[in-house]
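K.L.:
Mind having a look at this structure? Questions to follow.
Nothing in this text is a laboratory measurement; each read-out follows from the coordinates by a stated rule. All figures in this text were calculated on a predicted structure; none of them were measured in a lab. Cβ: placed from backbone, ideal geometry, glycine included. Neighbour counts: every protein chain shown.
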Ligand SMILES: Nc1ncnc2c1ncn2[C@@H]1O[C@H](COP(=O)(O)OP(=O)(O)O)[C@@H](O)[C@H]1O
Ligand SMILES: [Mg+2]
């Protein structure tokens, strides 16, 4: 250490100002309230777990797990047919939402001017603002009877995962588009310029350079889309049918996980009945699925952020 | 923004695992004439941003009713030192301060000291004018209100502060208008007025003219000379002419790169009366800098 | 070929190469661009089809009774008038179906939800953005937790609210239960948008205030928050517009057909929600009730689009670009 080259001078003359902390009790209270509010969000998660777990455990006390984890449609508590219905609807929804959401994202990120994007983006996002009841109504009274049955002449039942899934897909387009656009925009400009300088056109650059570089972010968008589709209730309740069905035909009615939950709640079963507890067992499974999906999505996004 | 307090220790021990690689010869500072009546002193001031040693062992004395200029090449830690003087560095995540800064004999990094009280006595004007998105009047009245100053007549206080910042004549007819309508130079003087209004003891200025044109700069320089009667002013500037024009004393800093990491640690080279430092520097690094061969 | 011409030619090639535009004109590229345009406007077309189809089927019911009548109230005069036009007599009892209880209920729900979700969400956001250290364990936990909550299915929020209401011994189907469910549902949205709004306020404002000796809270309350209000308003209105259309969580807390006006104090009164009432009407076997559902959908969409437009206007008009 350097030698102190100056003598410690006498401190300034005159009155010494008071620098010690004044108690600020009001502020301490406010800060405590703010921490509580932030911590409350953790309590919400704990609350959800408790609210779903407790009746679900009660259900498994009354009903053997084998009657739940079965594909046997004769078992009134079978869950695999529901997973089947939800899975089928989700796959159909993704077949709509992924290509269209990705296409919209590519246009917004690679082609649209800054000004155009300002208008086009809210337009795409408008789809997420439409209530799911409205989409359900549209599926039941327009998409299935008019588009699928009349125009396309498909021999399908009045309520089915095909119609429900198509409309659900429209609903989650913004989810896929928005996150994909973030991923595409995050690709460094230098990569694009390198490709363009080598004589590639914008399509080739978008598909061969930008898209692969953004792939993990896009994957995260798709995973989040899956979690939205799996959790959506009103569309599948209204449009997918109420028959427990393990067939692979999306034109037949299929009961889904969320459909069962809502239908039971709307029905006459008393809250303490086993039928009612059943919906919590299904909800627990639903929560676990969406939680895992979301964690996967977060993990992917984290990894791809580190890439740049 | 974080309020995690920057930890301060009064021991002169080096932090664990960190080897101060500044060699003694380079770190030696020449201290010339020290002010007789001081308001603030720094003792062995070392500042770290996480593991990065930004400022090494600065010892300075700031004289009452004087203007002290901190000069030196960019990145040598002038702003860092300045921000320590009213504990604004507490707001920088990862910033850590070692050593002591005494203000009227009290270490402002002492454990019982409230950084908010420190800032009420030691105000600050920033590089970029940063008026609040409020009226001119409310910009001035804000400080006295939040610190709970006893004010008999706020209108008088606002006028006094604006006069003190040589802005009154230009804005007296539009006190209720947004401060954003003012020119850059006027905005900076508004920020000075806003600081004056809370009646601080010391005013810190971090390159207050770097965003302004020469005319606005000249106005602020005149203002500083005027304000020296009532305040102690410490100004960071990269403009040597400005330091020479306005300051009573000048501290010259430089940055020395670490051989292994290449990190540039700032250190004080020379501190003396401005006239002395500019006309007859004791250290050759000072001479090189002021004669324009460096920086 | 002269050297000058060659130089010009090569300059042209380089400049067009740089943007890649020269080759955007071939067939595959145009087809690709067409596909992107299709993707972009597919949703708008679907939305347009939805609105037109629904508006046409609800065309007969854009009347004042849609707002003033309860579901399936019976009006003999109107029934006679309808019978005279030769309609199915079975429809007559529902001639005057309207969504008064749903619309009133949804307005009550909205206000209660806003009163709960906005203070809680803004407070949480203020803590995370202005008080806590970004790297602290607590903020990291809260951060991941919020991301998870944003993806929890709406129907599960309804279950949480139902269990909370049961825990305090409240009756099923009352307004406060629905508002709790919707508040929890939009809480992540409110927190995330408020944080974004706070983050867009430049640090210079905070530093200017703190340098005067203001506390962090004073700085937040008097400088940062007021500057962030347009952003917060935009975000919360969008969140509320999502809540107003939600039906699934309300199903879980036992909202059901109510054919009377809620009583003061509204929050403990049993109420109906507009989207749920539309759902019920859509399930009806009578065409005339389904027509009312179509008309109701248009009204609901108008409310939601109106809220969205309001949010955009606030954003464009009041948001400062620093
Ligand atoms: N908030 C910060 N975090 C990390 N490093 C910083 C921060 N502020 C400044 N530094 C570093 O400290 C050194 C000194 O910076 P500064 O005090 O701003 O220098 P000057 O004002 O003399 O130009 C520089 O190397 C700079 O990169
Ligand atoms: Mg600086």
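K.L.:
Take every DSSP beta bridge whose two residues both sit in chain B, then give the antiparallel share in percent to the nearest 5.
P.N.:
55
K.L.:
Can you give the convex hull volume of the alpha carbon atoms of region B:111-243 per residue, in Å³?
P.N.:
Cα convex hull per residue, to the nearest whole number: 115 Å³.
K.L.:
Averaged over all directions, how much area does the convex hull of the C-alpha atoms of region C:96-318 cover when projected, in nm²?
P.N.:
The directionally averaged projection comes out at 14.2 nm².
K.L.:
For region A:9-84, what does the relative contact order come out to in percent, with C-alpha contacts under 8 Å and a separation of six or more?
P.N.:
Dividing the mean separation by the residue count of region A:9-84 yields 12 percent.
K.L.:
Please compute, for peptide C:114-126, the average count of beta-carbon atoms on other protein chains lying within 10 Å of each residue's beta-carbon.
P.N.:
The shielding value for this peptide is 3.
K.L.:
Computed over the Cα atoms, what is the radius of gyration of region A:43-305 divided by 2.2 N^0.38 Å, N being its residue count?
P.N.:
1.14
K.L.:
If you build a Gaussian network model of chain C, linking Cα atoms that sit under 10 Å apart, which residue out of C:274, C:62, C:131 swings the most?
P.N.:
Ranking C:274, C:62, C:131 by mean-square fluctuation puts C:131 first.
K.L.:
If you don't mind, there's one more thing I want to ask. With contacts defined as alpha carbon pairs under 8 Å and 6 or more residues apart, what's the relative contact order of chain A in percent?
P.N.:
About 25 percent, as a whole number.
K.L.:
Could you tell me how many degrees, from 0 to 90 and to the nearest 10, lie between the Cα long axis of helix B:214-227 and the main elongation axis, the longest principal axis, of the Cα atoms of chain B?
P.N.:
Helix B:214-227 sits roughly 90 degrees off the main axis of chain B.
K.L.:
Please list the equivalent ellipsoid semi-axes of region A:81-204, computed as the square roots of five times the alpha-carbon gyration tensor eigenvalues, in descending order and whole angstrom.
P.N.:
Listed largest to smallest, the semi-axes of region A:81-204 are 35, 15, 13 Å.
K.L.:
Something else about it: What do you get for the angle between helix A:215-231 and the principal long axis of chain A? Use alpha-carbon atoms, 0 to 90 degrees, nearest ten.
P.N.:
Its long axis makes an angle of about 50 degrees.
K.L.:
Whole Å is fine, so just give me how far the alpha carbon centre of region C:49-71 lies from that of region A:184-240.
P.N.:
39
K.L.:
Over region A:87-166, what is the relative contact order in percent, taking alpha-carbon pairs closer than 8 angstrom and at least six residues apart?
P.N.:
Result for region A:87-166 is 52 percent.
K.L.:
For the protein assembly as shown, what proportion of DSSP beta bridges, expressed in % and rounded to the nearest 5, is antiparallel?
P.N.:
Within the protein assembly as shown, antiparallel bridges account for around 55 percent of the total.
K.L.:
How would C:142, A:236 line up from fewest to most surrounding beta-carbon atoms within 10 angstrom?
P.N.:
Ascending Cβ contact count within 10 Å gives the list C:142, A:236.
K.L.:
Would you mind ranking A:73, A:89 so that the residue whose beta carbon has the fewest other beta carbons within 10 Å leads the list?
P.N.:
Ranking A:73, A:89 by Cβ neighbours within 10 Å, fewest first, gives A:73, A:89.
K.L.:
I've got another one for you. If you take each beta carbon of peptide C:272-281 and count the beta carbons of other chains within 10 angstrom, what is the mean?
P.N.:
3
K.L.:
For n ≥ 4 DSSP H runs only, could you compute -39500 (n - 2.57) per run for chain B, divide by its residues and tell me the 222 nm figure to the nearest 500?
P.N.:
Counting only the DSSP helices, I get -8500 deg cm²/dmol.
K.L.:
Also: For region A:156-308, just run the numbers: alpha carbon Rg, then divide by 2.2 N^0.38 Å, N being how many residues it has.
P.N.:
1.38
K.L.:
Could you compute how fast the protein assembly as shown diffuses translationally, taking Rh as the Kirkwood radius over C-alpha pairs and applying Stokes-Einstein at 37 °C with viscosity 0.692 mPa s? Give it in µm² per second.
P.N.:
It comes out at roughly 102 µm²/s.
K.L.:
Sticking with this one: Using only the alpha carbons, work out the radius of gyration and Dmax of region B:139-178 in angstrom.
P.N.:
For region B:139-178, the Cα radius of gyration and maximum Cα-Cα distance read 10.3, 28 Å.
K.L.:
Residue by residue through B:137-150, how many Cβ atoms from other chains fall within 10 Å of the Cβ on average?
P.N.:
The shielding value for this peptide is 3.
K.L.:
Rounding to the nearest 10 and keeping the result within 0 to 90°, find how far the Cα-based axis of helix B:154-164 lies from the longest principal axis of chain B.
P.N.:
Taking Cα atoms only, the helix is inclined about 50 degrees.
K.L.:
Given 10 °C and 1.306 mPa s, how large is the Stokes-Einstein diffusion coefficient of chain B in µm²/s, with Rh as the Kirkwood radius over Cα pairs?
P.N.:
Answer, rounded: 80 µm²/s.
K.L.:
Report, in whole Å, the centroid distance computed from the Cα atoms of region A:32-84 and region B:104-137.
P.N.:
Using only Cα atoms to place each centre, the spacing works out to 53 Å.
K.L.:
Counting other C-beta atoms within 10 Å, which of A:88, A:95 has the fewest, and how do the rest follow?
P.N.:
The order, fewest Cβ neighbours first, is A:95, A:88.
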